[in-house]
1. Determine the shape class of the range 66-107: with a ≥ b ≥ c the square roots of the Cα gyration tensor eigenvalues, call it rounded for a/c under 1.5, and otherwise prolate if a/b is greater than b/c, oblate otherwise.
2. Of 47, 130, how do they rank once you tally other Cβ atoms within 10 Å and put the fewest first?
3. So what is the orientation-averaged projected area of the range 1-157, using the convex hull of its C-alpha atoms, in nm²?
4. Using R₀ = 41 Å, calculate the FRET efficiency as 1/(1 + (r/R₀)^6) where r is the Cβ-Cβ separation of residue 114 and residue 80; round to 0.05.
5. Quick one: 44, 157, fewest Cβ neighbours within 10 Å first, how do they rank?
């Protein structure tokens, strides 16, 4: 069910488990920078992330849970699932089964604004855990990000899951919103261009493909640009 990068079988009672969504940029770089002693599970992006987490915690109870995923104000993107103010009730029974003490949310802007603050407070109430989350971009300073979890629901000793070297060298941010200025990716076509598709890459980059009509005067074509 899960891709386990640090075997939980070797740890009778792991004190800390990190779940990382496979869709985050440069996921392999983050996995390589996890501190020793933290069990790591890579969430399947094609399955319900909450169900994956709940099933793991039922087998391996833990005190501290790290969730690394994309985020937006009052929302976490876990596998093919969004956990937000509208879906908390749907997962309330599962969240009450987690039995954790500390929950660290690394997604960008999760605690931002009134929606973000309400979300982490309700999440704290359901799990019984103290929750820490970011109200800004999480990740590379070059993209205006940082690794501060500025908002908490109680006094916490915030020990992050990654080494300082890994956080300093990470090149992405954990946000679904755009970072930087808009730019054009396509080339000239005398007629219409249609059917664009974007594929994200593990290093945080992307490939765009599209169809152009009469690109060179000979008819339709399929084009890509990286």
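1. Oblate, because a/c is 1.5 or more while a/b does not exceed b/c.
2. Lowest to highest Cβ neighbour count: 47, 130.
3. Approximately 8.5 nm², given one-decimal rounding.
4. Here the calculated transfer efficiency is 0.90.
5. Sorted ascending by nearby Cβ count, the order is 157, 44.
Coordinate-derived values only; no laboratory data. This structure is a prediction, so every number in the text was calculated from the model and none was measured. Note that we place each Cβ from the backbone using ideal geometry, even for glycine, and neighbour counts take in every protein chain shown.
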